[in-house]
Each structure stands twice: as C-alpha cells, then as structure tokens.
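What follows is one structure encoded as structure tokens, with my remarks underneath.
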Amino acid sequence: MTERVAGVRLAPYTTLGLGGPAGAFVEAGTAEEIVELVAEADRAGEPVLVLGGGSNLVVSDEGFDGLVVRVASRGIEVEGERVTAQAGEDWDALVALAVAEGWSGVECLSGIPGLVGSTPIQNVGAYGQDVSQTITGVRVYDRGTGEVRDLSAEECGFAYRHSAFKQEPGRHVVLAVTYELAGNTMSGPVAYRELAVRLGVELGERVPLARAREAVLGLRRGKGMVLDAADPDTRSAGSFFTNPILDAEQAAELELRVPGFPRWDMPGGAVKVPAAWLIENAGFPKGYRRGPARISTKHTLALTNPESSATTADLLDLAREVRDGVLEKFGVTLVNEPVMVGTGL
Ligand SMILES: Cc1cc2nc3c(=O)[nH]c(=O)nc-3n(C[C@H](O)[C@H](O)[C@H](O)COP(=O)(O)OP(=O)(O)OC[C@H]3O[C@@H](n4cnc5c(N)ncnc54)[C@H](O)[C@@H]3O)c2cc1C
C-alpha cells in the first residue's frame, strides 16, 4: 500500500490547475486498496475525496481537510462484447482501444478527459452518445453498507449528466465499469447535427469507427475541449454549466421573454435550452474576462484559468457573474456541471 502524504497541493491534480492542499493524499493501485483506504478513513470519521483525473472538479483554495484517494487501479477484461475496465484506466485510451478493436458504442465520446471510474458519475456524454447507452454494470464499494456490490444499469439511475451516484454524492466508490459494445467496425447512427455536417453524412447514417473518432477529436480541438498543455483554453473543467431543462411552465415564461428561443423538445413537455446561447445573449461572449479567469476563447461554456494565475475564488467570481447575468436577463438559473469541493456557487 502506498504511503499517505500530508499537505499535497491539489491544483496540479486538476485540469483547472486550482485547489489548495489535501489533509492527506494517497494513491490506490488496486480495487482492494481503494476499498481498504476508504473503509479505514470512514471508520476513523475522516472525510474522503475520491480523485480521478481531476477534470470535473473545482477544489477550494483552502483545499480538502481529509483524505484524498487517487484512483490508480488498472486492468481491462474482455468477454465477448463486454468490456470491464478498472476505475483507474484512462477513459480516452479505452475509447481508442474500442475503435482499434472494432467495438462500436463509445466512439463519439473520444477525447473526454478523466478516468473510467468517473464516467458513470455524471453519465459522461457528447455528440449524441453517453455512457448510459453502453454501461451494463458498475462495481462499487457502498460506503453506506460497507459492501462491494454490482449495480445494474437500472440501479445507476442515469439521466442527462446525472446518475444515482450524483444523487447521493460520496456514497458509492466506483471500482470497475462494464460496457457492452457492439462488435462492429461502423459507428452507431450519427445522432448529432454538427458531427453529421463535419462527416458529410445525414443524421442516422453510420461511418467507420476511426472516422467518427477523428471527426469528434477535430470538433473538440476546435473548441479547446481536448486537453493540450499548449492551449490555455483547455485549462478548464470542460463545460462549466449544464444545459438547463425547463418544465412546460418555465418554457412558456421564457417564450414570453424571447419568442422562438433555441430549444430541444424533450419527452413529457420539458425543454432543454442551450446554456451557451443564454450566456452569450446575456452579454458574456467567448473570451470574456474577469481578472485572471476567462471564458474560453473557443467555447462559451468553458471557464478557464488561462495563465494559471487565477485562484478558485477568481474562477467562482466569474461563474457567479455569468449565472447572475443569465438569471437577470432570462429568468433561468444555470447549474454547475463540475463537482465543487469545499466550495459552491
Ligand atoms: C477539456 C474538458 C472537456 C470535457 N468534456 C466533457 C464532455 O464532452 N462530456 C462530459 O460528460 N464531460 C466532459 N468533461 C468533464 C470530465 O472530463 C468528465 O466529467 C470526466 O468523467 C471526469 O473524470 P475524472 O476522472 O477527471 O473525474 P474527477 O474530476 O477526478 O472527479 C469527478 C467526480 O467524480 C468523483 N469520482 C471520481 N472517480 C470516482 C470513483 N472511482 N468512484 C466514485 N466517485 C468518483 C469525484 O469524487 C468527483 O466528485 C470535460 C472536462 C474537460 C477538462
């Protein structure tokens, strides 16, 4: 078992490059070690933060007063069309493997940073795919009962950027995830207009897996959404705000303010509104700056720490300014997508 180290700064472990020190920091190389470390901390009443790739985290400048367990368990098992990966495997490496092996179902999720174990937490998604479409089981350590359990996809309660894991934060530690992929060298039906245009196909058509991956990576790079040390716009936590989902009444109110506002109609009368459109039209264009924190110059939804000179407080000041501006102009409350540690909006 690796040693606990006190006072490790968390900033270098997050893609935003933000966050103060951890009370104690330890890397867990196997599922058993993860369970042992978390169970021991729970028995001692010590707060625990499970850390993956740090790409969906906003950690306070004061840091985390407890034990940070960095997930580093590795291993991929293939049984027919079922692929089970340990939580510490790199997500994009798994996607690249799937594309190379001719396993269809995750190709549009190329270029998303972070580890396998985090993918079920917010039901990672992009370009018309999300992991709820392929996950068939998640092995977890349930801190409520002290047991290792295998959850079915149904028990994971997946929804748009949401799951049962987000519902009860911290209760489940993901140890391994099983994805059922189709043995097929062609992609799933292309379900996202921007991707279809890039590929020069109609919505619903299929393309070779490698072409889908390349097209997605190209689109993502153009938005600063593939980690790149040379691109300051990628010093972010991805999209900072989710696309708000309005009920029919809220949608009618917005229609009164902005007739014909852009929308995706959802089952049951709900309406999803593009957060980027709300933000831009509330007066926050790409590149909008507040001190050392900036909206990405390529993607309105990403808040960045471009020169690595911001603090978490600076970034949250910008986030609050954007949220409040959108609320005032449109009456819609934006909700943050990244997980806040020791802080909040
Ligand atoms: C440039 C960029 C682009 C992005 N694009 C997308 C995108 O297109 N779509 C999308 O959905 N997301 C996107 N994201 C967000 C992020 O990459 C994903 O949410 C990713 O799954 C987070 O993985 P991580 O390992 O970095 O998690 P972390 O940031 O380390 O952790 C996130 C949360 O999950 C918890 N967690 C981590 N591992 C475990 C575990 N094993 N068990 C239990 N809890 C755990 C943490 O405690 C924390 O609450 C993007 C981020 C960046 C920086």
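The values are calculated or read from the model by the stated rules, or taken from the named source; none is laboratory data. Being a predicted model, the structure only gives us computed values, none of them experimental. Positions of Cβ are generated from backbone atoms using ideal geometry, with glycine treated the same way; all protein chains shown enter the neighbour counts.
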Answer with yes or no whether ILE121 is in a loop (DSSP other than H, G, I, E, B), aliphatic (A, V, I, L, M) and closer than 26 Å to ARG43 by Cβ.
-> yes
Residues of segment 304-325 being touching a Pro at 6+ places or on another chain (Cβ under 9 Å) and of a type in the set (A, V, I, L, M), which ones?
-> ALA310, LEU315
For GLN122, indicate whether it is of a type outside the set (D, E, K, R), modelled with pLDDT under 95 and either more than 12 Å from the ligand (Cβ to nearest atom) or within 26 Å of VAL335 (Cα to Cα) (or both).
-> yes
Which condition does VAL273 not pass, out of (1) surrounded by 13 or more Cβ atoms within 10 Å (Cβ to Cβ); (2) over 30 Å from ALA310 (Cα atoms); (3) more than 16 Å from the ligand (Cβ to nearest atom), if it passes all the others?
-> (2)
Kindly indicate the residue of segment 193-215 that is touching a strand residue (DSSP E or B) at 6+ places or on another chain (Cβ under 8 Å) and over 30 Å from ALA31 (Cβ atoms) and also surrounded by the most Cβ atoms within 10 Å (Cβ to Cβ) among those meeting that condition.
-> VAL207
Could you tell me which numbered condition TYR179 fails, if it satisfies all but one of (1) over 20 Å from TRP103 (Cα atoms); (2) in contact with a Lys or Arg (Cβ under 8 Å, 6 or more places away or on another chain)?
-> (1)
Please go through segment 4-34 and pick out each residue that is more than 23 Å from the chain's Cα centre (by Cα) and hydrophobic (A, V, I, L, M, F, W, C).
-> VAL5, ALA6, VAL8, ALA24
Count, please, the residues in segment 29-74 that happen to be small (Gly, Ala, Ser) and in contact with a strand residue (DSSP E or B) (Cβ under 7 Å, 6 or more places away or on another chain).
-> 9
Provide a single number: the residues in segment 52-108 that are at pLDDT below 95 and of a type outside the set (Asp, Glu).
-> 1
Considering each of GLY218, GLY144 in turn, give the residue that is surrounded by fewer than 19 Cβ atoms within 10 Å (Cβ to Cβ), modelled with pLDDT of 95 or more, closer than 30 Å to ALA28 by Cα and small (Gly, Ala, Ser).
-> GLY144
Log entry, pairs with first residue in segment 227-247 being over 25 Å from MET266 (Cβ atoms), second being of a type in the set (S, T, N, Q) and more than 12 Å from the ligand (Cβ to nearest atom), beta carbons closer than 9 Å, six or more apart or on different chains, reads PRO232/THR297; PRO232/SER308; ASP233/THR297; ARG235/SER308
Can you tell which of VAL138, VAL177, VAL148 is more than 28 Å from PRO12 (Cα to Cα), near the ligand (Cβ under 10 Å from one of its atoms) and touching a residue at least 40 places away in the same chain (Cβ under 8 Å)?
-> VAL138
Among the candidates THR300, THR333, residue that is of a type in the set (Val, Ile, Thr) and in contact (Cβ under 8 Å) with a residue 40 or more places away in the chain | THR333
When ASP324 is run through (1) within 16 Å of the ligand (Cβ to nearest atom); (2) surrounded by fewer than 22 Cβ atoms within 10 Å (Cβ to Cβ), the failure sits at (1)
Hey, which of the strands (runs of 3 or more DSSP E) in segment 1-91, taking only ones fully inside, have at least 1 residues that are in contact (Cβ under 8 Å) with a residue 24 or more places away in the chain and within 29 Å of THR234 (Cα to Cα)?
-> 22-28, 48-51, 57-59, 64-71, 82-86
Among the residues of segment 125-133, is there at least one that is within 11 Å of the ligand (Cβ to nearest atom) and in contact with a Ser or Thr (Cβ under 7 Å, 6 or more places away or on another chain)?
-> yes
Of all residues making up segment 151-163, the number that are within 20 Å of the chain's Cα centre (by Cα), within 13 Å of the ligand (Cβ to nearest atom) and at pLDDT 95 or above = 3
